[in-house]
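Peer 1: My questions all concern the structure below.
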Amino acid sequence: MALCLIAACLSGGQTTASGADREFLGKLSAAAIERTHHSVRYVSDYVRIAYPGGDVPADTGVCTDEVIRSYRAVGVDLQKEVHQDMVRNFDDYPHKWQRHPDSNIDHRRVPNLMVFFARKGTQLPISKRGGDYLPGDIVAWDLGGGVTHIGIVVDQKGSNGRYMVVHNIGRGPQMEDVLFDWKIIGHYRYYGASAG
């Protein structure tokens, strides 16, 4: 059913996604929803992890880790892809926190993911229309005070008929109707390196 809903939305919406792309977005949406069944404590510590395929302990994480884990469930290793792009194009990424690429953390920072998705995926318009945000889309927000946040739009609707978002803002992965709760600063669609 999820794939049918996504296919219907995408066929008349803002994209000409192929059948394979619609299938990918359906799987990504399902992977994000599955993440809401995990108990995750919000821990933002720097952690040394394996590369590629590394992850912080499964019972810990932040908003970026939910995006990373959802993509990994559909065969895309954002740790590897973001790090490789930062190695080749470091000047295109923000340098607030680091002076060189670091496979332990490159992919775990919202501003880095925003640059990566804009460079390697599709940067979509930011609007105030719920119908412009489709399952599988990535949304980034400014929470104020220089704090950023990121989540995945999924194919479950809230009481207002708008697609909900899976994100972790401190209570573990949640599926909530929060799309317009904060200022949207990024809207992306990314199918993985094979699509690029």
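Read-outs: derived from the displayed coordinates by stated rules, not from any lab. Because the structure is predicted, anything quoted here is derived from the model rather than measured. Backbone-built Cβ (ideal geometry, glycine too); neighbour counts: all protein chains shown.
Peer 1: Using the Cβ atoms and a cut-off under 14 Å, what net charge is assigned to the surroundings of Ser103, where Lys and Arg are +1 and Asp and Glu are -1?
Peer 2: Here the charged neighbours net out to -1.
Peer 1: Moving to a separate point now. Identify, among His95, Gly170, Ile150, the residue whose Cα sits farthest towards the positive end of the charge dipole of the chain, taking +1 on the Cβ of Lys and Arg and -1 on the Cβ of Asp and Glu, with the dipole about the Cα centre.
Peer 2: Going by the Cα projections, it comes out as His95.
Peer 1: In addition: Give, as a single signed number, the net charge of other residues whose beta carbon lies under 12 Å from the beta carbon of Asp177, with Lys and Arg counted +1 and Asp and Glu -1. List each step's numbers first, then the result.
Peer 2: Numbers: positive: Lys157, Arg162; negative: Glu176, Asp181.
Around Asp177, the surrounding residues sum to 0.
Peer 1: Determine the gain in length on full extension of the stretch Asp55-Ala20; use 0.36 nm per residue of separation and subtract their C-alpha separation, reporting nm with one decimal.
Peer 2: Answer, rounded to one decimal: 9.8 nm.
Peer 1: Here's another thing I want to ask about it. Between His100 and Lys183, what is the FRET efficiency for a Förster distance of 22 Å, r being their Cβ-Cβ separation, to the nearest 0.05?
Peer 2: The computed FRET efficiency comes out at 0.10.
Peer 1: Let me ask something else. For the chain, what is the Kirkwood hydrodynamic radius in Å, using each pair of distinct C-alpha atoms?
Peer 2: Radius from the Kirkwood sum: 16.8 Å.
Peer 1: So, one more: Which loop chymotrypsin sites (Phe, Trp or Tyr not before Pro) in the stretch 77-124, with loop taken from DSSP, have no more than 13 other Cβ atoms within 10 angstrom of their Cβ?
Peer 2: Details: sites: Phe90, Trp97, Phe116, Phe117; in loops: Trp97.
Loop-located and lightly packed - Trp97.
Peer 1: Here's something else I'd like to know. Multiply the residue gap between Ala118 and Ser39 by 0.36 nm, knock off their C-alpha separation, and tell me the result in nm, one decimal place. Walk me through the intermediate numbers first.
Peer 2: Numbers: separation 79, 0.36 × 79 = 28.44 nm, distance 3.04 nm.
Between Ala118 and Ser39, full extension yields an extra 25.4 nm.
Peer 1: Debye sum, Cα scatterers, the stretch 113-196, no solvent: what log₁₀ I/I(0) at q = 0.25 1/Å?
Peer 2: -1.32
Peer 1: Also, quick follow-up: Treat every Asp and Glu Cβ in the chain as -1 and every Lys and Arg Cβ as +1, leave all other atoms uncharged, and give the resulting dipole magnitude about the Cα centre to the nearest 20 debye.
Peer 2: The dipole of the chain has a size of about 160 debye.
Peer 1: Tally Lys/Arg at +1 and Asp/Glu at -1 over every other residue whose Cβ is under 11 Å from the Cβ of Pro135; what's the total?
Peer 2: Net local charge, Pro135 excluded: +2.
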